[in-house]
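Worksheet: one structure, shown below.
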Amino acid sequence: MPNGRTLPREEIGENVPRKVSDLIDNGYWNREMIHECFSPWEAEQIMKIPVSKYALEDRWAWKHTKNGDFTVRSAYFVELKARSNQEASTSNDKPSVLWQNVWTTNTPPKMRNLGWKALHDVVPVRGNLARRGMEIDAYCPLCGEEVETVMHAMVYCREVQPVWYLSPLRLEVGSTKYASFMDWCCELLKIKGSKEWWSIFWSLLWGIWLRRNAWVFKRRKLEIAVVIRRAMNTVSEFEFASERRVIERDNSSKPEQVWQTPGCGTYKVNSDAACFEDGSYGIGGIMRDHEGDVMVAMCDRTQGNGDPEVAEALAARQALSIAIDAGLRNLVLEMDCIKLVRHLKQQKMERTLIE
Ligand SMILES: [Zn+2]
């Protein structure tokens, strides 16, 4: 049959022609006979197949090649496809690593539950509720621009992207579109392995969900900086007990760059920037105190000409000016653009774009 369905012989009656050519009459399907022998759906499918104008003999055909001839190569691909389908539908290593990851992080059970739900796409976001038949506006309550899927509510919404970017995880989301939260996490799993990293991840996810609910149910819009600060505080409370163990851990393992708190009475400003394909700049900054608490955070997108150093300079400038406007003094600036750091240390004017 056209869709690859095979009719079991038992389903075909006794007094039925056994060859396809028996169903053809002078170059046309014998409609009467077909309707007599097959169900209406089958008859319809059969009669959709164009009949050859040449009176050809019946022959066996292999449906996995265009010309109907069997080849070992095509059989190999059929087998390969069948196996990969089987693997996808049964056990899969990545999700099991993710489950483990969710359940073993230093986060409260409510956060782990949300992580599990997000991975299974069962968070009650509006898109999911509408899909289940609830009469509800499926669009995102925060931005109103797209259907509220798990990925939109937790990651892609323009109200949410800065949370990931301005958090210590520095995740730039939005440039690559993942079909599901699971797909995104599987991708992150390739690059981010530490337990601490994932604790922050799940804690931020929880904060994003609470922020969304505060807006939906109480019309309260929490500041992004507050969401990040609370998420970080939760993680540090949970990690406090194991802190000693983390410090005493074998240092021979892969060194990981850890953000260091500034001295008492000073504030650290971390700025960063990204250049987008159209040349515009994404800039962000976060200011934290000696305990690591977020005081102010900002992110913005501005026009530009695709120069990464200029973008970095703009990010640093805007972050510093916001920190100063917020009344913070004794600032330490930290960024990952060595060229700009050198330039700033020289403290002299040069004829460059970042002058
Ligand atoms: Zn949105």
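The values are calculated or read from the model by the stated rules, or taken from the named source; none is laboratory data. Note that the structure is a prediction, hence the values are computed from the model and not measured. Neighbour counts run over all protein chains shown; Cβ positions are idealised from the backbone, glycine included.
Between a residue in segment 141-163 that is within 16 Å of Cys299 (Cα to Cα) and acidic (Asp, Glu) and any residue that is in a loop (DSSP other than H, G, I, E, B) and within 8 Å of the ligand (Cβ to nearest atom), which pairs come within a Cβ distance under 9 Å, given they are 6 or more apart or on different chains? Every condition considered, the pairs that remain are Glu159/Cys140; Glu159/Leu142; Glu159/Cys143.
Conditions (1) surrounded by fewer than 16 Cβ atoms within 10 Å (Cβ to Cβ); (2) of a type outside the set (S, T, N, Q); (3) at pLDDT below 85; (4) not in a loop (DSSP other than H, G, I, E, B), marked per residue:
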residue: Pro262; (1), (2), (3), (4): no, yes, no, no
residue: Asp272; (1), (2), (3), (4): no, yes, yes, yes
residue: Gly279; (1), (2), (3), (4): yes, yes, yes, no
residue: His290; (1), (2), (3), (4): yes, yes, yes, no
residue: Met298; (1), (2), (3), (4): no, yes, yes, yes
residue: Ala319; (1), (2), (3), (4): no, yes, yes, yes
residue: Ile322; (1), (2), (3), (4): no, yes, yes, yes
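The single condition among (1) over 12 Å from the mean Cα position of the chain (by Cα); (2) over 21 Å from Pro109 (Cα atoms); (3) aliphatic (A, V, I, L, M) that Leu204 does not satisfy is (2). For segment 168-182, does any single residue satisfy the condition of being within 16 Å of the chain's Cα centre (by Cα) and outside any loop (DSSP other than H, G, I, E, B)? Scanning segment 168-182, I find at least one residue that is within 16 Å of the chain's Cα centre (by Cα) and outside any loop (DSSP other than H, G, I, E, B), so the answer is yes. Would you be able to say whether some residue in segment 292-306 is touching a residue at least 12 places away in the same chain (Cβ under 8 Å), closer than 19 Å to Leu344 by Cβ and of a type in the set (A, V, I, L, M, F, W, C)? Within segment 292-306 (the criterion being touching a residue at least 12 places away in the same chain (Cβ under 8 Å), closer than 19 Å to Leu344 by Cβ and of a type in the set (A, V, I, L, M, F, W, C)), the answer is no, since none of the residues qualifies. Considered as a group, the residues in segment 137-183 that are surrounded by 21 or more Cβ atoms within 10 Å (Cβ to Cβ) and away from the ligand (no atom under 16 Å from the Cβ) include one that is farthest from Ala118 (Cα to Cα), and that residue is Leu166.
If only one of Ile228, Ile191 is in the same structural domain as Asp121 (by TED's automatic domain parsing) and touching a helix residue (DSSP H, G or I) at 6+ places or on another chain (Cβ under 7 Å), which one is it?
Values: Ile191 fails: touching a helix residue (DSSP H, G or I) at 6+ places or on another chain (Cβ under 7 Å).
The conditions single out Ile228.
Looking only at residues in segment 301-317 that are under 27 Å from the mean Cα position of the chain (by Cα) and surrounded by 15 or more Cβ atoms within 10 Å (Cβ to Cβ), which one is farthest from Arg229 (Cα to Cα)? It would help to see each step written out before you state the result.
Applying the first criterion (under 27 Å from the mean Cα position of the chain (by Cα)) to segment 301-317 yields 301-303, 306, 308, 311-312, 315.
Add one more test, that the residue is surrounded by 15 or more Cβ atoms within 10 Å (Cβ to Cβ), and what stays is 308, 311-312, 315.
Working: Pro308: 28, Ala311: 26, Glu312: 24, Ala315: 21 Å.
Only one residue fits best here, namely Pro308.
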